[in-house]
Each structure stands twice: as structure tokens, then as C-alpha cells.
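The values are calculated or read from the model by the stated rules, or taken from the named source; none is laboratory data. None of these values were measured; they are calculated from a predicted model. We place every Cβ from the backbone using ideal geometry, glycine too, and count neighbours over all the protein chains shown. These accessible areas exclude ligands, DNA and RNA; they are computed on the full protein's heavy atoms, side chains included. Shrake-Rupley method; radii C 1.70, N 1.55, O 1.52, S 1.80 Å.
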Amino acid sequence: MKFPLATAFTLAVVCISSASAQPARPNIIYINADDLGVMDVGYNNPLYQTPNIDALCANGMKFTNAYAPAANCAPSRACVMTGQYGPRHGVYTVGSSSRGSASNRKLIPIKNKALPSLDNVTIAAAFQNAGYRTIHLGKWHLGSDPTQQGFDINVGGDTSGSPTGGYFSPFTRGSMESLNDQFPAKTHRVDIYADKAIEFMRANQAKPFFMHMAYYSVHTGLEPVPGLVEKYEGTGVHATYASMVEKMDQGIGRILDELEALGLTENTLVLFTSDNGGHLNYSDQTPHRAGKGSYFEGGIREPMVVRWPAQVAPGTECDTPVIGIDFFPTFLQAAGIVPPKDKILDGVSLMPLLTQQGELPELAELNERSLYWHFPIYLQSYRGSKESSHDPKFRTRPGSAMRLGKWKLHEYFEDGRLELYDLDADVGERKNLATTMPEKASQLHAMMKQWREQTGAPVPTELNPKFKR
């Protein structure tokens with residue numbers, strides 16, 4: 001099913017029908033996997049066994065052109081949680097923006113901010129201020145304590161970008177260490193999160209709640225899941241990686257089962273997606289090019305499913321391009337919450353797509369919505385990676401990218417190079433049309449430059465004296 005594209009956020013209070021035992025406002029469960037590529041779920045690749053994610057898909061709406069707002073974790077999460085493109089909050093990567101050998105970097109990259117400002121209102125804070133109970137479980141990576149950024153309860157969230165202390169208890173360091181006494185040895189993080197999520201839902205079943213289930217799965221370092229890893233040996237996928245995907249799916253299943261047991265399924269919006277593309281050393285994103293850290297499709301194209309029986313018809317599909325910054329306005333509109341005063345939201349509400357009622361605002365001239373990515377930084381290539389974006393040295397060099405309908409444009413700041421791809425004919429982004437279709441490339445480039453001006457996106461221009469040709 002194809003829907004028109006959007007360009008602006010408009011708020012409408014949604015009247016939500018629900019059983020009398022449930023709150024009038026829906027519960028929201030936002031499930032965010034870590035480094036899970038678009039080809040790493042069963043409904044896109046049957047080599048992976050994800051029956052619970054597949055069931056979400058069958059009972060909700062599948063988005064076939066869903067994007068992360070950045071190609072690695074911290075900037076992607078910052079965009080989603082603030083509802084803003086990267087230039088608004090300044091988080092472009094993890095750690096330093098000068099990653100990789102200095103001799104290979106032509107430009108001095110824009111300095112990175114590790115975290116968004118604490119006064120930048122998050123999704124959780126908006127829900128908390130509206131009377132929702134809020135809980136974060138798992139990876140936060142946007143501060144030391146999620147309870148300072150809108151969450152009533154924090155389970156395991158801190159500044160760590162990887163599963164500090166491993167995937168199994170007892171944890172030797174990090175915020176999960178405080179839970180060691182509550183769980184037997186060799187308890188997987190996924191099971192701990194499920195137990196804590198179920199405890200929270202039971203305690204708050206009569207109130208509306210917002211849950212951020214942010215798995216570390218399947219971020220490195222990988223650890224095989226006993227009882228699951230064996231079945232994937234010799235199947236064509238990385239066995240340890242696949243066992244971790246299935247373990248996460250089991251945790252999702254436990255949460256969905258508890259919703260059903262509590263009678264909350266009908267009036268709970270569940271959104272499942274990932275923060276960026278898969279790690280190429282473990283996960284093949286073919287037919288999409290590249291993976292985590294790249295702004296080719298393999299680095300930003302994501303699985304995404306929304307189930308909300310009260311509003312979303314089962315077994316539906318949407319091929320409209322959407323992006324993670326859309327979640328903030330979507331969740332607010334679903335709950336009938338007015339956006340925070342003076343808060344800039346760059347995304348659009350997806351409610352018209354989810355309910356198939358009405359149309360999103362259209363861009364009058366082009367009748368299509370544009371999506372943007374800005375990465376004024378360097379991100380080195382993985383050691384031993386099967387493929388990098390352009391060269392063996394970097395997954396990302398400074399530039400911007402955008403999508404408008406079927407067209408994808410890349411601009412690279414080191415040499416001003418433009419690359420234009422027709423995603424309908426070339427989803428692998430192999431045939432650069434910039435020289436054969438200069439008018440289209442110029443049109444999109446003008447839009448990109450206008451967007452950068454509107455958002456205050458910085459472009460690096462200072463030459464690096466350590467660069468060697």
C-alpha cells in the first residue's frame with residue numbers, strides 16, 4: 001500500500017477507542033535494537049528466526065522504506081529522542097569526529113558533541129510531563145542517567161555504547177552490576193530486561209505508560225546464546241550473531257505475551273526498529289550497499305513494524321519513506337499530547353499512514369517529502385570488513401545525503417563530489433547518475449544546501465595539515 005509523503009508536522013488529538021478497563025490514552029512501547037540491519041529479521045531474511053517480530057509484522061504495519069536518522073548509534077538515538085536532525089543537537093558520531101588516520105583526513109571535521117543538551121526535551125520527558133509512567137531498559141548512550149532525561153525508572157542505561165560487562169550475569173562493571181544479586185549467574189540481559197518490563201507493566205496496567213526497550217543486541221562483542229547458536233551452524237549466517245537476534249526476539253515475545261495477559265494489547269502501540277545498519281563483519285545487507293557507519297542504504301535502511309490493534313489494520317504495508325525523527329511527533333499525536341512549547345520537531349506524525357485516514361501534508365511543487373542526513377565527520381573502516389563505503393579507510397567521510405522519492409543524493413565535502421542514485425532501479429547504489437542527469441542532481445543539491453542553511457548544519461572547510469596525498 002502506497003501513501004503520499006509529508007513535509008510538516010501537524011498535531012491533531014486522536015480519539016482512541018479502548019476497553020473500559022484500559023486507559024483512554026494508549027501505552028507506547030518503543031523497541032530499539034542495536035546494530036540490527038534491515039536484512040536481519042525473519043520477514044526479510046528467513047535464515048533468521050524471529051517469530052515474534054514476524055508476528056508483529058503480520059498483525060500490524062510493515063514499513064519497507066524506514067530509515068535511521070544516522071548511521072551509528074549515539075547520533076541516531078539523539079535524533080530519535082529529541083525529534084531533531086543532527087545539526088540541531090550536534091551529536092554526529094560516537095566519541096571523536098576525527099576517527100581514522102590523520103594522514104588520510106583531508107579536512108578538519110566539525111567537533112562532535114557527545115550528548116544532547118539536558119535541556120533538550122526528550123520523548124520520555126514529554127510523556128512524563130503529560131502524566132505517563134516512563135521506563136528505560138538497556139542502552140541509553142545519551143547521558144549517565146536516563147532518569148535525568150524523562151524516565152521514572154532506569155534499568156541498565158548509562159553512557160556505555162556497548163554491553164559493558166558482557167551479555168550474561170554476573171556483570172563485572174557498568175550499571176548492570178547492581179542487578180547481580182537479583183538474578184542467577186548466566187542470566188542473559190534480554191531476560192533481565194523482560195523481567196523488569198513485565199514487573200513495570202503489572203504495576204502500571206491501570207495507567208498509561210511509555211516504555212523504551214533499548215536492547216544492546218546485537219552490538220559487539222558478540223556472545224553465543226547456548227541452545228540457540230547450534231542451530232545456525234552452517235546455515236549461511238553468522239551463528240553467534242543469529243543466536244543473539246533470536247534471543248532478542250524471545251524477549252520481545254515475553255513482553256507481547258504479558259501485554260496480552262494483562263488485557264493491554266488492543267490499546268498499546270508497539271514500534272519495533274533498529275538504530276542503524278548491520279555490522280558488515282557479521283551481517284550481509286545485500287541488496288543494500290555497505291552497513292553500519294555508512295550512509296549508503298545498508299547503513300541507514302532499517303526494519304520497522306508498528307502494531308496497534310485499536311488503530312492499525314493487521315497485515316498492512318507502507319512504502320512511504322519514513323525516518324526515526326518521526327517517532328516523537330507520532331507518539332505525541334497518538335497520545336493526544338501537545339508538543340513541548342518552543343520545541344522544534346523536524347519529523348512528521350505518521351498517524352495518517354498508520355490509520356490510513358487522511359493524507360500527510362504535501363510539498364506542493366514536488367509532491368514528495370525529502371529526508372536528510374548530515375555527517376561532517378570521519379568514521380574509520382572496520383578491520384577486516386568485506387566492503388567499505390568507498391575505500392578501505394573510511395565507512396564515512398564528511399558529507400551530506402538526502403532522499404526524495406526514488407532519488408538519493410550524496411555530497412562529499414573533501415572534493416565536492418555528487419553521487420545520484422535511482423533507488424527504484426538501483427537499490428544497491430552502484431550506478432552514479434550525477435553526470436548523466438545533471439539537472440536532477442543540481443535540483444536535489446539546491447534542496448540539500450537550503451536544508452543545511454535552515455538547520456544550521458556546519459560544513460567543514462579547514463584543511464588538515466597532517467593530510468598526505
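Worth a mention:
- Just so you know, in the range 159-194 the residues that are open to solvent by less than 60 Å² (accessible area, probe 1.4 Å) and among the charged types (D, E, K, R) include one that is farthest from the chain's Cα centre (by Cα), and it is Asp191.
- Selection from the range 423-450 of residues that are in contact with a helix residue (DSSP H, G or I) (Cβ under 9 Å, 6 or more places away or on another chain) and under 18 Å from Leu371 (Cβ atoms): Leu423, Val427, Glu429
- The lone exception for Pro69 - which of (1) surrounded by fewer than 24 Cβ atoms within 10 Å (Cβ to Cβ); (2) in contact with a Ser or Thr (Cβ under 7 Å, 6 or more places away or on another chain) it fails: (1)
- Test: residue in the range 32-44 that is open to solvent by less than 20 Å² (accessible area, probe 1.4 Å) and of a type in the set (Ser, Thr, Tyr): no
- Every condition in (1) open to solvent by 10 Å² or more (accessible area, probe 1.4 Å); (2) modelled with pLDDT of 95 or more holds for Leu137 except the one numbered (1).
- Positions within the range 280-298 being within 22 Å of Leu222 (Cα to Cα) and surrounded by 23 or more Cβ atoms within 10 Å (Cβ to Cβ), in sequence order: Leu280, Ser283, Gln285, Ala290, Gly291, Lys292, Gly293, Ser294, Gly298
- Across the range 245-268, the qualifying residues are those that are in contact with a strand residue (DSSP E or B) (Cβ under 9 Å, 6 or more places away or on another chain) and among the hydrophobic types (A, V, I, L, M, F, W, C), and the one among them that is farthest from Ile29 (Cα to Cα) is Val245.
- Beta carbons closer than 6 Å, at least 6 apart along the sequence or on distinct chains, pair a first residue in the range 141-153 that is closer than 19 Å to Phe328 by Cβ with a second that is surrounded by 18 or more Cβ atoms within 10 Å (Cβ to Cβ) and aromatic (Phe, Trp, Tyr) for Pro146/Trp140.
- Those residues of the range 447-457 which are touching a residue at least 40 places away in the same chain (Cβ under 8 Å) and open to solvent by 40 Å² or more (accessible area, probe 1.4 Å), in sequence order: Gly456
- A Cβ distance below 8 Å, combined with a sequence gap of six or more or placement on separate chains, defines the contacts here; from the range 240-263, residues that are more than 16 Å from Leu56 (Cα to Cα) and open to solvent by 10 Å² or more (accessible area, probe 1.4 Å) reach residues that are outside any helix (DSSP H, G or I) and of a type in the set (Asp, Glu) in the pairs Thr240/Glu223.
- Screening Leu418, Leu404 for residues that are more than 23 Å from the chain's Cα centre (by Cα) and within 23 Å of Arg301 (Cβ to Cβ) leaves exactly one candidate, Leu418.
- The residue list Glu411, Glu429 contains one member that is within 24 Å of Pro287 (Cα to Cα), touching a strand residue (DSSP E or B) at 6+ places or on another chain (Cβ under 7 Å) and assigned to a loop (DSSP other than H, G, I, E, B), which is Glu429.
- Among (1) surrounded by 15 or more Cβ atoms within 10 Å (Cβ to Cβ); (2) farther than 24 Å from Tyr43 by Cβ, the one test that Lys207 misses: (1)
- Residue check for Arg301: buried (at least 24 other Cβ atoms within 10 Å of the Cβ) and either more than 23 Å from Pro26 (Cβ to Cβ) or not charged (D, E, K, R) (or both): yes
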